[in-house]
């Protein structure tokens with residue numbers, strides 16, 4: 001598995017950027033519902049039979065594979 005970080009809408013599957021596509025997949029739900037910061041969501045693209053969809057990356061995955069300081073590593 002390889003983790004690639006995108007910070008613009010043209011990166012990867014187009015989930016990143018300002019404002020990003022969080023609301024397209026989660027509407028008014030907050031990233032805090034998933035253990036993330038309210039102002040910075042971490043998402044991934046999950047492939048499905050219909051092509052895929054953006055999903056919130058589980059906090060336990062971030063902590064296990066990126067480390068307990070994942071916020072500093074991803075957003076610094």
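So the values come out like this:
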read-out	value
Förster-model FRET efficiency, 25 Å R0, residue 64 and residue 11, C-beta, rounded to 0.05	0.60
Per residue convex hull volume, Cα atoms of the chain, in Å³	103
Residue 76 versus residue 47: modelled label distance in nm, points set 7 Å from Cα along the beta carbon direction	3.3
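Each reported figure results from applying straightforward, stated rules to the coordinates on display, with no laboratory input. Being a predicted model, the structure only gives us computed values, none of them experimental. So basically every Cβ, Gly included, is an ideal-geometry build from the backbone, and we count neighbours across all protein chains shown.
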